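First the structure, in the form of structure tokens, and then the observations on it.
Values quoted throughout were computed directly from the atomic coordinates according to the rules given, and no laboratory measurement underlies them. On a predicted model such as this, the values are computed, not experimentally measured, just so you know.
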Amino acid sequence: MTLCSKMDVLECLVDIRSFESVSTALYVLSYVSATAVVLLTVCGNLLIIISVCHFKQLHTPTNMLILSLAVSDFFVGGLVIPVSLIWMIESCWIFSSIYCLFYILTSYFLTTTSIFNVALIAVDRYFALSKPFLYNNAVSLSSMCIVVMSNWFALLVYNIALQYFNGHFTSLVMCPGNCFLVLDEFWSLVDLVLTFVFPLAVIVIFYVQVFFIAKKHATAIRDLNSHTRTQTSKNMSDSMKSERKAAKVLGILVSVFVACLLPYFVYSLLGNAVQIEVESFQKVLMLVYLNSSINPVIYALFYPWFRKCVELILTLKIFSTDSALMNVL
């Protein structure tokens, strides 16, 4: 072997080791990033759950829906996102086929629950803004809790039935393995209509109505401020401003939710017509799950009560006497 060829071999070995070190660094970075996403999702939604459950001022019908959404997002962060990220990083399904069944049921159930929670929030905001007196008299905390529990139970039954009547999973324990629920044409259409088209239509229709009502309220507030300065008009103006702000924040929540969800259902429809790569489908599926990480950030940016609650929780003031009665609004 000539000196030249020996140098080439050495350079090749150096390149291989450099490539291996870079690959190892990216591998470790991927798991660090995955851990950060899981912690953000779990801790962020846990703070919302603690806030709504602990502070009496937040025990309202609307906040029960926000609590339900936070609970579903919390379980997505704890049960679904870690498995999905490991699956993406390892480029194959490394868990058992039994765990694949649990993963699919959990992910489908929690995702559809989040969708219907957002739809219920849209309906709730519409009636709160359009018929405030009727809403306050008809909608109580206990009735909203019944609605939330009924929603969870009905969707659990639906997702169990979806798996039972299909029962065809692409799952392999050895690499390359995947874990997908393959729906036939009938159930694919049923699932699309029930878990996406119907709730999305509800969300869009009711939030369009909320938008127009909010514009009317803005005009009414300007008229009240220009014609009178009485305490009654001030209280009414403050109440209407509060409702409009809540509608605006929840509108942002809904917009982000639809943006995260739409690519997945587009891919689901295309999957019946064209061959889609597993890696691409995993990415749009992860986008659906990452919505659970984004929601607490939206609350932190736009809800002053949430920021105040987080401060009280992190400083351990919630353990003080009568902390549940603290003013957080």
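Which of the residue pairs LYS131/LYS216; LYS283/LYS308; LYS56/LYS317; LYS216/LYS308 have a Cα-Cα distance greater than 23 Å in the structure shown?
Working: LYS131/LYS216 13 Å; LYS283/LYS308 35 Å; LYS56/LYS317 15 Å; LYS216/LYS308 31 Å.
In this structure, LYS283/LYS308; LYS216/LYS308 lie more than 23 Å apart at Cα.
In whole Hz, what ³J(HN,Hα) sequence does the range 94-102 give by Karplus (6.51, -1.76, 1.60; θ = phi - 60°), x for Gly and Pro?
9, 9, 6, 5, 5, 5, 4, 4, 5
Work out from phi, with θ = phi - 60° and the Karplus expression 6.51 cos²θ - 1.76 cosθ + 1.60, the ³J(HN,Hα) of each residue of the range 191-199, listed in order in whole Hz, and give x for Gly and Pro.
With the stated coefficients, the range 191-199 comes to 5, 4, 5, 6, 9, 9, 4, 4, x Hz.
Run a plain Debye calculation on the range 41-124 (Cα atoms as equal point scatterers, no solvent) and give log10 I(q)/I(0) at q = 0.16, 0.21, 0.22, 0.27 Å⁻¹, rounded to two decimals, same order as the q list.
For the range 41-124 at q = 0.16, 0.21, 0.22, 0.27 Å⁻¹, log10 I(q)/I(0) is -0.68, -0.95, -1.01, -1.25.
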